[in-house]
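*Asks:* My questions all concern the structure below.
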Amino acid sequence: MLNDNTLTEVEEVRLSIILIILLFAFFGLLMIVSAIGMHERDSWMTRLILFVIGLCCMSLGGYLFYVYVFA
């Protein structure tokens with residue numbers, strides 16, 4: 001018998017998916033921060049790659065969050 005405070009199995013799966021999507025967006029944010037924090041002179045290409053991949057991760061995470069949560 002379920003109490004009112006327990007989550008159903010569907011809600012637990014939904015929460016897990018939302019947390020994975022947010023983790024993906026957070027990973028992108030960390031990539032952007034690490035790209036901005038690099039101060040080596042010859043690392044401009046690495047910084048650019050990290051920044052672009054980070055932006056892609058954040059935008060994809062935001063899009064998936066918007067589609068999955070507000071759908």
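Every number here is computed from the coordinates shown, using simple stated rules; none is lab data. What you are looking at is a predicted structure, and each value in this text was computed from that prediction instead of being measured. For neighbour counting, all protein chains shown are included, and Cβ atoms are generated from backbone atoms with ideal geometry for every residue, glycine included.
*Asks:* So which trypsin sites (Lys or Arg not before Pro) in the chain pass both tests, a DSSP loop state and at most 16 other Cβ atoms within 10 Å of the Cβ?
*Replies:* Here the trypsin sites (Lys or Arg not before Pro) that fit, given the DSSP loop and packing criteria, are R41.
*Asks:* Further question: Can you tell me the orientation of helix 9-37 relative to the chain, as the angle in degrees between its alpha-carbon axis and the longest Cα principal axis, to the nearest 10?
*Replies:* Around 10 degrees separate the two axes.
*Asks:* For n ≥ 4 DSSP H runs only, could you compute -39500 (n - 2.57) per run for the chain, divide by its residues and tell me the 222 nm figure to the nearest 500?
*Replies:* It comes out at -27500 deg cm²/dmol, rounded to the nearest 500.
*Asks:* Hey, rough spin-label estimate for T46 and E12, points 7 angstrom out along Cα→Cβ, what's it come to in nanometres?
*Replies:* 4.3 nm
*Asks:* Next up: Would you mind checking the tilt of helix 44-69 against the longest principal axis of the Cα atoms of the chain, expressed as 0 to 90 degrees and rounded to 10?
*Replies:* In the chain, helix 44-69 runs at an angle near 20 degrees to the longest axis.
*Asks:* Which of these values of log10 I(q)/I(0) by the Debye sum over Cα atoms at q = 0.14, 0.17, 0.26 Å⁻¹ was calculated from the structure shown: [x] -0.44, -0.61, -1.13; [y] -0.64, -0.84, -1.04; [z] -0.55, -0.68, -1.03?
*Replies:* So the structure-derived entry is [z].
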